[in-house]
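Chemist: This is the structure, below, for whatever I ask next.
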Amino acid sequence: MNASKLRRFLFFNSNHKVCFSTFAQITKKMEKITLKIEKTTSESIIKFTANTVLISGSYEFNTIDEAKNSPLAQQLFHLPFIKRVFISANFIAVEKFDIVEWNDVQEEVKEQIEHYLNNPGVLVLEETNSPQQKIPVEVYAESTPNPSVLKFVANKNLVETDFEFKNKEEAKNSPLALNLFDFKYVKEVFISENYVSVSKTEAIDWGEITVELRSFIREYIANGGKIINENYKQEKNSQTAASETANLDDVSKQVIDLLDQYVKPAVAADGGNIAFQSYDETTQTVNVILQGACSGCPSSTVTLKNGIENMLKQLIPGKISQVVAINL
């Protein structure tokens, strides 16, 4: 199915507070790579978030000489106002000198990066992986479609797989999550590749706690704090590997592939995840688990029904009747 046909099934009902960026990214994923301009907590740094995963790992380049193994970063440094370039899983962040304002040049930079990504071009040559210099830790706070969840994005990888903690007891194998639960307003913690999504209680506003949380997470990572205990990490990786090799039916495998290819990059950009749980051949029901910002999000039901369910029905015809979130 081509992108234009799929888009007709990704219905957007303006009467609902739908996670529209998720819909947009799912459809764009089937076309070319596109970027979304996002502000950060630093006025000199702006993010260009992609509708797909760009690279494994995180890199920072402070000069054109350091960027010798990144053709894209070298191109950007030829712009006279570029100070630093960050390349991470699904975004490219750029820091500028004070000689210009982002409003005057951000579209030019966005177009240049998009043009490079769609040719396509190599982001970082492999030899930069070893040795890799230690880089200063930056953490950016981003809003999500879920008003109760904020996403804190780091300029380095934190984990290789997803970890969700609903309470302090569940967080016993994650020193970072355990420390976050010491903040009385923290309700849930979701840790993914290069970000931490924090769910807060309703008794407090984000404006009162964002700076405190961002500073804590940045300092914790910068000081080498442990994210996940190694034995628990290995156990989770083993479970993930076992599930991938499980004796799944063909429909389940197709669903997993489609979620991985079109849905997960989109919801990850919004601070969440949708994990395949099971497929019932008799009822043709796909069961999924919502995590991070997706869990408890007001737009989750509409996103599931008008976005993901319609997509799966069209791409796996005659095999899907409904998609149900078992923890909605």
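Chemist: With r as the distance between the Cβ atoms of Asn229 and Gln277 and R0 = 22 Å, compute the FRET efficiency 1/(1 + (r/R0)^6) and round to 0.05.
Modeler: Once rounded, the FRET efficiency stands at 0.30.
Chemist: Can you tell me which of 41-51, 249-259 comes out highest on packing, and rank the rest after it, using the mean Cβ neighbours within 10 Å?
Modeler: Answer by packing, highest mean first, reads 41-51, 249-259.
Chemist: Under the 0.36 nm per residue contour assumption, what length would be gained going from the current alpha-carbon distance of Asp205 and Lys39 to full extension?
Modeler: Working it through step by step, the gained length comes to 57.8 nm.
Chemist: Roughly what would the spin-label model give for Asn103 and Asp260, points 7 Å off Cα along C-beta, in nm?
Modeler: Going by the 7 Å Cα→Cβ label model, 4.5 nm.
Chemist: Also, quick follow-up: Once the principal axes of the Cα atoms of region 66-192 are found, what is the range along each, listed largest first in whole angstroms?
Modeler: 50, 36, 26
Chemist: Enumerate the whole-percent occupancy of each 10 Å bin, from 0 to the last occupied one, for all C-alpha pair distances of region 187-328.
Modeler: Here the calculated profile for region 187-328 is 10, 34, 32, 18, 6, 0.
Chemist: Here is a follow-up. In what sequence do Val267, Val139 fall when counting other Cβ within 10 Å, fewest first?
Modeler: Ordered by Cβ neighbours within 10 Å, fewest first: Val139, Val267.
Chemist: Provide, as a two-decimal number, the C-alpha radius of gyration of region 32-129 over 2.2 N^0.38 Å, N being how many residues it has.
Modeler: 0.98
Chemist: Per Stokes-Einstein, at 20 °C and 1.002 mPa s, what whole-number D in µm² s⁻¹ belongs to region 248-325, with the Kirkwood radius over Cα pairs as the hydrodynamic radius?
Modeler: D = 173 µm²/s.
Chemist: Note down the relative contact order for region 248-325 as a percent, whole number, built from C-alpha pairs under 8 angstrom at least six residues apart.
Modeler: Relative contact order comes out at 30 percent.
Coordinate-derived values only; no laboratory data. This structure is a prediction, so every number in the text was calculated from the model and none was measured. All Cβ positions, glycine included, derive from the backbone under ideal geometry; neighbour counts span all protein chains shown.
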